[in-house]
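First the structure, in the form of structure tokens, and then the observations on it.
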Amino acid sequence: MESNQISLNDKKYGIPANDLEQQTNLDLKAKDFDYSKRSQWLRAAVLGANDGLVSTASLMMGVGAVKQDIKAMILTGFAGLVAGACSMAIGEFVSVHSQLDIEVAQMKRDKKRMSVNGEIKEEEEKESLPNPLQAATASALAFSVGALVPLLAASFIKEYKVRVGVVIGAVSLALMVFGWLGSVLGKAPVLRSSFRVLAGGWLAMAITYGLTKLIGSSGL
């Protein structure tokens with residue numbers, strides 16, 4: 001009688017084996033998520049934003065080293081935004097398209113050796129192939145977003161020294177944010193990644209400013 005009651009309780013309150021198996025598989029998939037799959041779009045987005053931020057800010061700082069006119073600084077930044085976004089998009093498209101050609105050629109070679117089970121693998125590989133247009137678009141948009149930071153920071157400040165200080169502050173904050181975002185999405189160390197991005201941006205602006213100031217003061 002007691003064993004029958006336990007059996008009834010198990011049937012009443014027990015979780016079906018199929019549900020337990022499905023939940024276990026979902027948990028394993030969540031734990032085993034491969035963050036390297038994010039590398040394609042993450043690389044294009046984060047590097048594009050960093051490049052737009054650092055290159056545009058460095059151009060504006062370089063021009064500001066020899067010419068304090070706000071119009072010259074803004075025009076330089078805008079030209080850097082357009083040229084850089086086009087360059088990043090074209091470069092990313094060509095690079096990713098070359099990668100796509102290589103992977104497609106490899107898939108065709110492997111197709112001859114595939115079995116029936118291998119056809120499933122082939123479909124999965126096709127879904128994971130790089131997308132040149134997506135990478136180019138993400139890179140151009142990210143570059144533009146990064147380049148807008150120093151442009152907007154300098155647009156409404158006529159006083160030269162204040163303008164330069166605001167640009168440096170805005171760029172520094174944005175570099176920290178981009179470094180933090182990239183590290184979080186890629187599951188990398190946050191502080192190390194943020195500081196590396198910040199230090200690199202400072203170095204680029206300092207070198208551009210210093211060399212341009214040196215050349216400008218020499219009377220060339």
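A few notes on this one:
- When each of Val197, Val145, Val66 is scored by the number of other beta-carbon atoms lying within 10 Å, the sequence from fewest to most is Val66, Val145, Val197.
- Estimated distance in nm for a label pair at Ile90 and Met107, the labels positioned 7 Å out from Cα along Cα-to-Cβ: 2.9 nm
- Contour excess over end-to-end distance, with Cα ends at Ala206 and Ala79 and 0.36 nm allotted per residue: 43.7 nm
- Going by neighbour counts of Cβ atoms within 10 Å, the residues Arg196, Arg163 line up, fewest first, as Arg196, Arg163.
- Of the residues Ile102, Ala138, Leu198, the one whose Cα sits farthest towards the positive end of the charge dipole of the range 39-217 is Leu198 (charges of +1 on Lys and Arg Cβ, -1 on Asp and Glu Cβ, taken about the Cα centre).
- Ordering Met61, Leu75, Gly216 by the projection of their Cα atoms onto the charge dipole of the range 39-217, which places +1 on the Cβ of Lys and Arg and -1 on the Cβ of Asp and Glu, puts Gly216 at the extreme positive end.
- For the range 39-217, the alpha-carbon coordinates run over 71, 31, 27 Å along the three principal axes, in decreasing order.
- Dipole magnitude of the range 39-217, debye to nearest 20 (Cβ charges: Lys/Arg +1, Asp/Glu -1, about Cα centre): 580 debye
- Packing here is the average count of other Cβ atoms within 10 Å per residue, and on that basis the peptides 73-83, 100-110, 134-144, highest first, run 134-144, 73-83, 100-110.
- Where Cα atoms sit under 30 Å apart: lysine pairs in the range 39-217 separated by 8 or more or lying on different chains: 16
- Put in line by how crowded their Cβ is, counting other Cβ atoms within 10 Å and starting with the fewest, Ser58, Ser95 read Ser95, Ser58.
No value in this document is a laboratory result; all are computed from the given coordinates. Because the structure is predicted, anything quoted here is derived from the model rather than measured. All Cβ positions, even for glycine, are placed from backbone atoms using ideal geometry, and neighbour counts span all protein chains on display.
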